[in-house]
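Report on one structure; see the data block that follows.
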Amino acid sequence: MRLLSAVASLYATYASLSAFNSGRWPVVASPLGHAIVGVAAASVVAGVTDAPVTTVFWGGTLAASILPDADLALRAFGFTGPRFHRNGSHSLLVLGTLVAVVLAVCRFSDLDWRIAAAWSASLLSHPVLDVLTTGPNTSKEGYGIALFWPIHRRRWSVSRPVLDSLDLSRCRSLRDVWVGVRPELVRLGPLAVIAIYFSLAMS
């Protein structure tokens, strides 16, 4: 039961959906959703650039897809709230600069630029998906996405998120967790399947 509660708590922190848990952390796209979309984005780039698809490729793709949420680690030091989460780490300007640096490094190292480009697509998919799954309730609490920080501090969201709302903090079993992440699998899963097929067809 403790394990199930821990899993439920994790998904209540990140999970799939476009509502704000009263008195808790906002919930939008979960790591699963980000992984699905990140894999889809990286697969398309890999297909177009003919990047070598290996275990390292997929591992890097998954890591890049959730990297912007590394700012949640700041909670361990008492830094919580919208001032620290979904701010600079979710900015397209900040992430774009990081991508430019990595691609520049490729010119002077053995890192394959095609793999770096695919990982970059996975990385940049994160804030885009967060915007599409952040609704008015979450946005009102200050947890919109700061896409153009530090130049512009507006927090972006949508009026009708692409995923339904669900309070996963009430999950008490794996079945409850499954109910919570199912919308992501149903709505986002086919996107990844099509993208992977495209990548394989292009290779």
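For this structure, a couple of remarks:
- Inverse of mean 1/r across different Cα pairs in the range 94-183, Kirkwood, Å: 15.7
- Between the range 91-107 and the range 118-135, the alpha-carbon center distance in angstrom: 15
- Highest mean first, the peptides 45-53, 31-39 sorted by other C-beta atoms within 10 Å per residue fall in the order 31-39, 45-53.
- As an equivalent ellipsoid, the range 41-148 spans semi-axes of 28, 15, 12 angstrom, where each value is the square root of five times an eigenvalue of the C-alpha gyration tensor, largest first.
- For the range 105-111, Karplus couplings with θ = phi - 60° (6.51, -1.76, 1.60), whole Hz, Gly/Pro x: 4, 4, 5, 10, 9, 8, 5
- Between GLU141 and LEU200, the simple spin-label model (points 7 angstrom out along Cα→Cβ) gives 4.0 nm.
- Per-peptide packing, taken as the mean over residues of other Cβ atoms within 10 Å, places 181-191, 149-159, 126-136 in the sequence 126-136, 181-191, 149-159 from highest down.
- Label point distance in nm, ARG172-THR97, each placed 7 Å from Cα along Cα→Cβ: 4.9
Only the coordinates and a few stated rules stand behind these numbers; no lab work does. The shown structure was predicted, so the numbers you read here are calculated from the model rather than taken from an experiment. In this analysis, Cβ positions are derived from the backbone assuming ideal geometry, glycine residues included, and neighbour counts consider all displayed protein chains.
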